[in-house]
Amino acid sequence: MDLYIIFAGIIEPAFGNRLLQAILTAEQKGTQKINLLFSSIGGNTQEGFTLATAIRNSKIPVAIHATNNIDSIANVIYLSAKERTAESYAKFYVHGANTTGTFDEKQLKEQLQAVKTETTRIAYYISENSNIGLPEVQSMMEAGTSLTAQEALQRGIVQGIKHMEVPPQGVIREDIVFIN
């Protein structure tokens with residue numbers, strides 16, 4: 001049986017752990033496939049790469065369907081699935097990494113280097129998992145670029161555009177939703 005997970009929220013440890021737990025539980029229960037209906041405005045880069053690694057290495061296939069925003073580090077998570085679809089109205093936003101906080105000069109230099117490293121990691125991941133060359137990804141990130149689902153399809157981010165609803169009968173479903 002398939003599992004449907006609806007994930008709509010920010011990428012941070014509490015939500016990330018819930019998603020990781022849902023994947024592990026599905027593996028233990030003998031689920032055949034995980035369908036992740038996914039929307040996120042991004043969040044923690046480390047958490048995003050952790051989720052991407054878990055999805056890519058899951059013992060059972062994980063298909064991701066973009067239901068709304070796929071922004072920032074959510075692009076890495078989205079691209080970690082071998083099967084990727086999107087609603088026709090989904091949006092993909094690519095930009096460089098950032099940081100928050102108050103820093104002295106030394107800490108500011110360290111944070112600048114960390115932001116550059118995170119931006120490079122994200123750019124390589126997007127380039128390696130789409131039809132977009134690294135220089136173009138870097139340019140898109142520097143400019144802060146939004147793509148429609150149709151543009152993302154042309155660039156190999158999305159593999160197909162379709163409307164998807166969770167069938168109401170006989171489906172195992174988990175909701176991981178943040179409402180602010």
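Laboratory data are not the source of any read-out in this text; all were calculated from the coordinates shown. Not measured: the values here are computed from a predicted model. Because the Cβ atoms are built from the backbone with ideal geometry, glycine has one as well, and the counts that use them run over all protein chains shown.
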Quiz item: Taking Glu128 and the conditions (1) in contact with a Lys or Arg (Cβ under 9 Å, 6 or more places away or on another chain); (2) loosely packed, with under 13 Cβ neighbours inside 10 Å; (3) under 20 Å from Leu51 (Cβ atoms), which numbered condition does it fall short on, given that it satisfies the others?
Solution: (1)
Practice problem: Taking the options Ile161, Ile172, Ile157, name whichever one is surrounded by 13 or more Cβ atoms within 10 Å (Cβ to Cβ), out of contact with any Ser or Thr (no Cβ under 6 Å at 6 or more places or on another chain) and of a type in the set (A, V, I, L, M). | Solution: Ile172
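Per-residue answers, yes or no, for (1) within 16 Å of the chain's Cα centre (by Cα); (2) of a type in the set (A, V, I, L, M):
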position	(1), (2)
Tyr125	yes, no
Asn129	yes, no
Ile132	no, yes
Thr148	yes, no
Arg155	no, no
Gln159	yes, no
Glu165	no, no
Val177	yes, yes
Quiz item: Looking only at segment 31-63, which residues are assigned to a loop (DSSP other than H, G, I, E, B) and either under 16 Å from Arg84 (Cβ atoms) or acidic (Asp, Glu) (or both)?
Solution: Ser58, Pro61
Practice problem: Being free of Cβ contacts under 8 Å to residues at least 12 places away in the same chain and assigned to a loop (DSSP other than H, G, I, E, B) is the filter here, so list the residues in segment 137-166 that pass it. | Solution: Glu165
Practice problem: Could you check, for segment 115-135, whether at least one of its residues is in a loop (DSSP other than H, G, I, E, B), free of Cβ contacts under 8 Å to residues at least 60 places away in the same chain, touching a Gly at 6+ places or on another chain (Cβ under 7 Å) and hydroxyl-bearing (Ser, Thr, Tyr)? | Solution: yes
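Okay, residues lined up against (1) within 24 Å of Thr145 (Cβ to Cβ); (2) hydrophobic (A, V, I, L, M, F, W, C); (3) crowded, with 17+ Cβ neighbours inside 10 Å:
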site	(1), (2), (3)
Pro61	no, no, no
Thr67	yes, no, yes
Thr85	yes, no, yes
Gly96	yes, no, yes
Gly101	no, no, no
Lys106	no, no, no
Val115	yes, yes, no
